[in-house]
Amino acid sequence: MSVHIAGTEELSRAPMAATIPSSCLQDIFRAAEIKERTTGARVTKLHVGEPYFNPPDDVAEAFIEAVRRGDTKYSGVDGLPELRAALTEKLNRDNLLDTTASRVFVSPGSCQGLSALLQSLAEPGAEILLPELHWPVHLQQSLLAGFRPVFYKLGPDFRPDPDALLAAAGPRTRVLLLNSPSNPSGAVLDAELLGTLLGLAREQGWQVISDEAYEHFVYDGDHFSVASLERDVPVADRIVHSVYTFSKGAAMTGYRLGYVAAATDRAADALRVVQEANIIGTSTPVQYAGLAALRARAAIAETNRARVLANRDAALPRLVEAGLLHELPAGGWYAMADIGRTSMDAETFATRLLDATDVAVVPGNGFAWHPELDAAGAIRSAEYAPWARHLIRIAFCVDPQELDLGVRKLLDFVRDHTAE
Ligand SMILES: Cc1ncc(COP(=O)(O)O)c(C=O)c1O
């Protein structure tokens, strides 16, 4: 189909959104659902990042109370003032940022906050640096915002190497995306590496987006927020925009609540315009639920961290012993296992594993789609990085017994299909 606009050349390309594949997470989600619906089987779900624990009752009570009180009106583009004040206090105390409520935005999930941030930073022709192994939503959002994605190489431990970053960058690079702890690899970037990357970004004139969705799930040492390194930099000169969520630490996935700390007042002004156009505001009762979660955050986060860590230590060492995992993930909810010895590619493996054992995992190639764009920014080719062909992602935030069963079945399946 083509659209003609008088005085312009004919537009004949497909809209960008129509050329981006659906996330690999959605594909396996659908396949697992179909399997359950059509065969009555109960699928062991190691594919989605859905925790087996729930938010405390106070969170639900606060939500219900807000609805009963009639606190169901629009709450303002950037969020309820009392929630933003509490978030500012959390960011400054826990993450060691130096921010003010005027730069803090509540969003319907951090996914939406990230997307809005990308839109607010996009410039025609600008490039964004993404890790070569990335959460597919980061890529989808970058493309939809109009960025040209460029992928930086990761080391064997899935951590970025500053030289590789410089090698990937060019004169049109504007944004560096960091995600620690990482989805999908579980890699954690320490203060030293983050300092080096921030120095590089400053030197090169890039903005930094730091996705810290899994901040409460660091297993060796503490989480480090890269924006804390800018405490002593004048606000107008800062470059780090940080994104957080209630979905992981407080297990509030379905509430849809996240928040963004913009680096500067100028960036906050741009983000406000994007949010005016996109959301008008975040659900008001959900924000009251968020306030309740924030009050109890230390206890909630520590309990939930201990739960996922216990899962990691109970189930994943078997994958390490079997040689499928290089090492235990240092953070997050996921591990990337290598099933190369089965001589199946990851998509075939995931499909056959689901068929034969009712265990769902995500094929890793979906985290390494590297599209090439033409000069006008349209997707010209869509290749998966060949090195990701034998990787699968396993979520270990699920019920401990499910995880145990899933890992056992997966190991049996790998053993039965190992090429001699
Ligand atoms: C790396 C990362 N960032 C952000 C999110 C978004 O979470 P939410 O939109 O639920 O806040 C997720 C969810 O899986 C994620 O894995």
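See the values below:
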item: Options Ala360, Ala346, Ala350, Ala356: the member that is surrounded by fewer than 21 Cβ atoms within 10 Å (Cβ to Cβ) and farther than 18 Å from Arg159 by Cα; result: Ala356
item: Per-region count, segment 241-266, residues in contact with a Ser or Thr (Cβ under 9 Å, 6 or more places away or on another chain) and more than 16 Å from the ligand (Cβ to nearest atom); result: 3
item: Segment 30-51 - residue that is of a type outside the set (A, V, I, L, M) and crowded, with 17+ Cβ neighbours inside 10 Å and, of those, farthest from Gly249 (Cα to Cα); result: Lys35
item: Evaluation of Lys73 against (1) closer than 19 Å to Phe105 by Cβ; (2) surrounded by 19 or more Cβ atoms within 10 Å (Cβ to Cβ) (one fails), failing number; result: (2)
item: Qualifying position, being free of Cβ contacts under 8 Å to residues at least 12 places away in the same chain and part of a helix (DSSP H, G or I), among Arg84, Arg30; result: Arg30
item: Leading residue by the ranking (nearest to the ligand (Cβ to nearest atom)) among those in segment 191-203 that are crowded, with 16+ Cβ neighbours inside 10 Å and either over 18 Å from Leu97 (Cβ atoms) or acidic (Asp, Glu) (or both); result: Leu193
item: Any chance Tyr255 is in the same structural domain as Leu118 (by TED's automatic domain parsing), touching a Phe, Trp or Tyr at 6+ places or on another chain (Cβ under 9 Å), more than 19 Å from Asp98 (Cα to Cα) and aromatic (Phe, Trp, Tyr); result: yes
item: Count of residues meeting criterion [under 17 Å from the mean Cα position of the chain (by Cα) and not small (Gly, Ala, Ser)] in segment 207-239; result: 12
item: Residue that is charged (D, E, K, R) and at positive phi, where the choices are Arg256, Arg174; result: Arg256
item: Set Asp157, Asp190: member being of a type outside the set (Lys, Arg), at pLDDT below 95 and in the same structural domain as Val260 (by TED's automatic domain parsing); result: Asp157
item: Unmet criterion (only one of (1) more than 21 Å from Phe217 (Cα to Cα); (2) away from the ligand (no atom under 14 Å from the Cβ); (3) not aromatic (Phe, Trp, Tyr)) for Leu96; result: (1)
item: Residue within segment 217-237 that is out of contact with any helix residue (DSSP H, G or I) (no Cβ under 8 Å at 6 or more places or on another chain), within 16 Å of the ligand (Cβ to nearest atom), within 30 Å of Thr19 (Cβ to Cβ) and at pLDDT 95 or above present; result: no
item: Condition broken by Gly340, with the remaining ones in (1) of a type outside the set (Val, Ile, Thr); (2) at negative phi; (3) in contact with a helix residue (DSSP H, G or I) (Cβ under 9 Å, 6 or more places away or on another chain) satisfied; result: (3)
item: Positions within segment 392-420 being part of a loop (DSSP other than H, G, I, E, B), touching a residue at least 40 places away in the same chain (Cβ under 8 Å) and loosely packed, with under 15 Cβ neighbours inside 10 Å, in sequence order; result: Thr418, Ala419
item: Arg318 vs. criteria surrounded by fewer than 21 Cβ atoms within 10 Å (Cβ to Cβ) and among the charged types (D, E, K, R); result: yes
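The values are calculated or read from the model by the stated rules, or taken from the named source; none is laboratory data. Bear in mind that the values here come from a model prediction, so they are computed numbers and not experimental data. So basically every Cβ, Gly included, is an ideal-geometry build from the backbone, and we count neighbours across all protein chains shown.
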